[in-house]
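Below is one structure, written out as structure tokens, with a few remarks after it.
The values are calculated or read from the model by the stated rules, or taken from the named source; none is laboratory data. Bear in mind that the values here come from a model prediction, so they are computed numbers and not experimental data. Cβ atoms come from the backbone with ideal geometry, glycine included; neighbour counts cover every protein chain shown.
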Amino acid sequence: MICKITPYLLIPVFVLLGCDGGTNNDTSAISYLQSEATILSSYYGLDELPPPIMILCQGLGSVGEDGMPVTFSEQIDAESLIPEIFAVQTADSSWAVPSCATLRPADEPLELRTVLLTGPFGTLDAQPLGVEVVGDLLDVEGKTLKGLRSGITPLEAGPSVLLAELFDPQTEGLRGECPDQTTQVVQLTWEGGVTGPNGSALAEPQRQAVTVLLENGENVTPIALADDDPDNFVHACLQADSPAVSVTVAAGYFHDPGDDANPATSAMVVPGNE
């Protein structure tokens, strides 16, 4: 098993999960299927946010602060979301309170699990160590996520796939996203927002970089990639009758807002929550 290894800090102790990672390239489905809620990833995705991204915070925070998407196994109740319920452990082991916490831009009905935090979290040479939920952040079922903790995927790592969920293409929130001949959709949740290189739209190179293993043993390429907005959710549109089992993405095709490209990454496919 080959994994991208990142420190998984459970403040104040370290815990090993699978391949010792806050992000495990081929065990995300295991994390997702745990009975307890978990943070799938805290991604130090961008140092010094540009002005267009700060619009997502609607006046909170400042240009030049850092951006950190935190992705949960559960969908989040937006009404419970305020910056003060998060604490970020910085490189000197002090704690920073985010200036902004928002589900934007990943706020469509089938998304709602990635919280963008902004604030003065660190630099390339002094990166943050961990994130903790210190207040009553609620999931959509009303359960508190207080106490969840996570290590940090470092700035230079590039985004990996955290979760692959299988949906019917006629599911509310997906209808019309994929070509008419689509028979199933795998929604890919990445650690951070993804595009082509230099912020370009997802295109043919990205589509061909995705391979889906089907239950019948066949490997297929999506007929299209949909939901091409600048968040961390991408829809792989499939024309195949046999259900999708796993997804593999070749290295170097999906870029985060800092233009860091993805490592080779994979995830087992799990049923989507409709």
Can you tell me which residues in the range 175-186 are assigned to a loop (DSSP other than H, G, I, E, B) and either at pLDDT 95 or above or surrounded by 15 or more Cβ atoms within 10 Å (Cβ to Cβ) (or both)? 177, 178, 179, 180, 181, 182, 183
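Just to be sure, is residue 170 assigned to a loop (DSSP other than H, G, I, E, B) and assigned by TED's automatic domain parsing to the domain that holds residue 87? Even if it seems obvious, please write down each step before you answer.
Working: assigned to a loop (DSSP other than H, G, I, E, B): yes; assigned by TED's automatic domain parsing to the domain that holds residue 87: no.
Criteria not met by residue 170.
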Being over 15 Å from residue 162 (Cα atoms) and assigned to a strand (DSSP E or B) narrows 211, 189 down to just 211
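Taking the criterion of being among the aliphatic types (A, V, I, L, M) and either under 23 Å from residue 91 (Cα atoms) or in a strand (DSSP E or B) (or both), would at least one residue in the range 193-203 satisfy it?
No, the range 193-203 contains no residue that is among the aliphatic types (A, V, I, L, M) and either under 23 Å from residue 91 (Cα atoms) or in a strand (DSSP E or B) (or both).
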Filter the range 96-116 down to the residues that are in a strand (DSSP E or B) and either farther than 13 Å from residue 135 by Cβ or touching an Asp or Glu at 6+ places or on another chain (Cβ under 8 Å) (or both) and list them by number. 96, 100, 102, 114, 116
Taking only pairs six or more apart or across chains, which ones have beta-carbon atoms under 6 Å, a first residue in the range 27-50 that is surrounded by fewer than 14 Cβ atoms within 10 Å (Cβ to Cβ), and a second residue that is at pLDDT 70 or above? 48/64
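Out of all the residues in the range 64-78, is one or more out of contact with any strand residue (DSSP E or B) (no Cβ under 8 Å at 6 or more places or on another chain) and modelled with pLDDT of 95 or more?
Here is the first cut: in the range 64-78, the ones out of contact with any strand residue (DSSP E or B) (no Cβ under 8 Å at 6 or more places or on another chain) are 64, 78.
Of the ones still in play, those that are also modelled with pLDDT of 95 or more are 78.
Looking for residues that are out of contact with any strand residue (DSSP E or B) (no Cβ under 8 Å at 6 or more places or on another chain) and modelled with pLDDT of 95 or more, one finds at least one in the range 64-78, hence yes.
Here's the yes/no breakdown for (1) more than 18 Å from the chain's Cα centre (by Cα); (2) assigned to a loop (DSSP other than H, G, I, E, B):
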| site | (1), (2) |
| --- | --- |
| 217 | yes, yes |
| 237 | yes, no |
| 240 | yes, yes |
| 246 | no, no |
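Here are 222, 205, 263: which of them is in contact with a helix residue (DSSP H, G or I) (Cβ under 8 Å, 6 or more places away or on another chain) and not assigned by TED's automatic domain parsing to the domain that holds residue 111? Quick ask: steps written out before the conclusion?
Working: 205 fails: in contact with a helix residue (DSSP H, G or I) (Cβ under 8 Å, 6 or more places away or on another chain); 263 fails: in contact with a helix residue (DSSP H, G or I) (Cβ under 8 Å, 6 or more places away or on another chain).
Matching residue, one of 222, 205, 263: 222.
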Note: among 214, 202, just one is over 23 Å from residue 71 (Cβ atoms), hydrophobic (A, V, I, L, M, F, W, C) and surrounded by 18 or more Cβ atoms within 10 Å (Cβ to Cβ), namely 214
